[in-house]
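The values are calculated or read from the model by the stated rules, or taken from the named source; none is laboratory data. Note that this is a predicted model, so its numbers are computed, not measured. Note: ideal-geometry Cβ built from the backbone for every residue, glycine included; neighbour counts use all protein chains shown. Protein only, heavy atoms only, side chains kept; ligands, DNA and RNA dropped before computing areas. Shrake-Rupley method; radii C 1.70, N 1.55, O 1.52, S 1.80 Å.
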Amino acid sequence: MSEQTLPSNGHIPSPSVDHSSNSSVQISLEEIWYLKEVSFRQDIDSPPRRYKIITQNYNGPCSFIAICNILILREQIQILPFERTSVSYDYLSRLVAEYLLTACPDVDTSAALTIMPATRKGMDLNPLFTGSTLFRPAGQGGELKLFEQAGIKLAHGWLVDPSSPEHDVLSRTEDYDSSVNLLVEADHVTKGHLVVAEDPKISQADRASRRDSTYDLTLEEQRKVEDALAIRSFIESSPSQLTYYGLFTLASELEPGALVALFRNSHLSVLYKSHGDEGALYTLVTDQVFLHESSVVWERLEDIDGGWSTFVDSDFVHSSPAGGDYAGHTAESALAALEQQTGALTLEESADAALARQLQAEEDEHSRVLYTRRAREQEDKERAERERAHAARQRAIDAAVRPKKKTDCIIM
């Protein structure tokens, strides 16, 4: 399942022979990423240390950035000098390649090194719905080799609940690609009836006539269609590629202090489990929009669609982003930036700029009021969610310790 996506407008760009130099410049700019300073504790008893993590621009290579950020926080690679503000793919790829060759001196790393350039555009990962660390290799398996030889655990929470009606089917198809193949086969058997509801090109009258039509299916074909309907139900009910059963599994299986690569929404992010009794899950915030928001470092993973997610700082304390063009600046640096921007303006342009700043200030104040209100509502939701999660955990524990009824054994 590839992470690569088409342009947002849905059109494939036409080839051009006159702007090759401009294309090269654009590609070079897209492969330069800004660095953000954060602090992080290697363990609960160690003092916090400063690190430079890599931020991601629009549609950037989340796979490669996640790998690098995990290695950075583990102090297995280091970006030097510390004062630098940006980094390129070429620089990072050399760091990662040197680390792989040093960490695995007696292991063939050719597959991992060969797949590394492809991480700039996406990775073909095929998760199994039956285990949080189970993935099927694609092609030569270089993607999985890269994580294995870098010592990075690859995880996901797209898991089917054993008590759900879809579990029987998905325990047989196991992975995403096989499940989608069965969907395609069932749609072919029913002459396109299986996905008729989702096709926007089919008119209402044609849909009705298709549903009313009859066709003969063998018992095997009927079972295939039934299985496909169960698969479609599961995939449609988990559009974020995360289920509550999977979220609970990740929280219970990961060790405190673990840094892993989380596959979700066809992207990779850095997942961390905090120390202490709570053992909450957090994802590293690498969006470039938060580059100057020093108080936004992690995002708490609390539900499957991100509706209740909250930002926290390096100490995992609830944060309040400042917002605005000068977020993260000191008073002196903000003034210097403002003077640099307005120094060359005419009188009329200065007046326009002043009006724009006034409007921006009013908008920022309005945003802060909304943020405060949302934070209060979020706290109420968090309290309710903790109570619900505690009840769900207790039910899971009770189910685990409850004696199971013996069944007859059939030897095939």
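Quick notes on this one:
- For region 194-218, filtering for residues that are open to solvent by 40 Å² or more (accessible area, probe 1.4 Å) and either modelled with pLDDT of 75 or more or aliphatic (A, V, I, L, M) (or both) leaves 7.
- Residue in region 89-98 that is in a strand (DSSP E or B), modelled with pLDDT under 95 and open to solvent by less than 30 Å² (accessible area, probe 1.4 Å) present: no
- ILE231 over 22 Å from the mean Cα position of the chain (by Cα), at pLDDT 90 or above and within 27 Å of LEU194 (Cβ to Cβ): yes
- The one condition in (1) closer than 20 Å to LEU254 by Cβ; (2) open to solvent by 20 Å² or more (accessible area, probe 1.4 Å) that ASN69 fails to fulfil: (2)
- Residue in region 36-54 that is over 22 Å from LYS273 (Cβ atoms) and part of a loop (DSSP other than H, G, I, E, B) present: no
- Residues in region 259-278 that are open to solvent by less than 60 Å² (accessible area, probe 1.4 Å) and either among the charged types (D, E, K, R) or touching a strand residue (DSSP E or B) at 6+ places or on another chain (Cβ under 6 Å) (or both): LEU259, VAL260, ALA261, LEU262, PHE263, ARG264, LEU268, SER269, VAL270, LEU271, TYR272, LYS273.
- In region 219-258, residue surrounded by the fewest Cβ atoms within 10 Å (Cβ to Cβ) [restricted to those that are charged (D, E, K, R) and farther than 18 Å from ASP175 by Cα]: GLU220
- Condition broken by THR119, with the remaining ones in (1) at pLDDT 90 or above; (2) among the polar types (S, T, N, Q); (3) open to solvent by less than 70 Å² (accessible area, probe 1.4 Å) satisfied: (1)
- SER28 fulfils the conditions (1) part of a loop (DSSP other than H, G, I, E, B); (2) open to solvent by less than 90 Å² (accessible area, probe 1.4 Å); (3) at pLDDT below 65 except for a single criterion, (1).
- Residues in region 153-165 that are surrounded by fewer than 20 Cβ atoms within 10 Å (Cβ to Cβ) and within 26 Å of HIS267 (Cβ to Cβ): 3 in all.
- Residue check for ILE79: touching a strand residue (DSSP E or B) at 6+ places or on another chain (Cβ under 8 Å), more than 27 Å from ILE235 (Cα to Cα), open to solvent by less than 40 Å² (accessible area, probe 1.4 Å) and in a loop (DSSP other than H, G, I, E, B): yes
- Strands (runs of 3 or more DSSP E) wholly inside region 251-305 containing at least 3 residues that are over 11 Å from the mean Cα position of the chain (by Cα): 298-300
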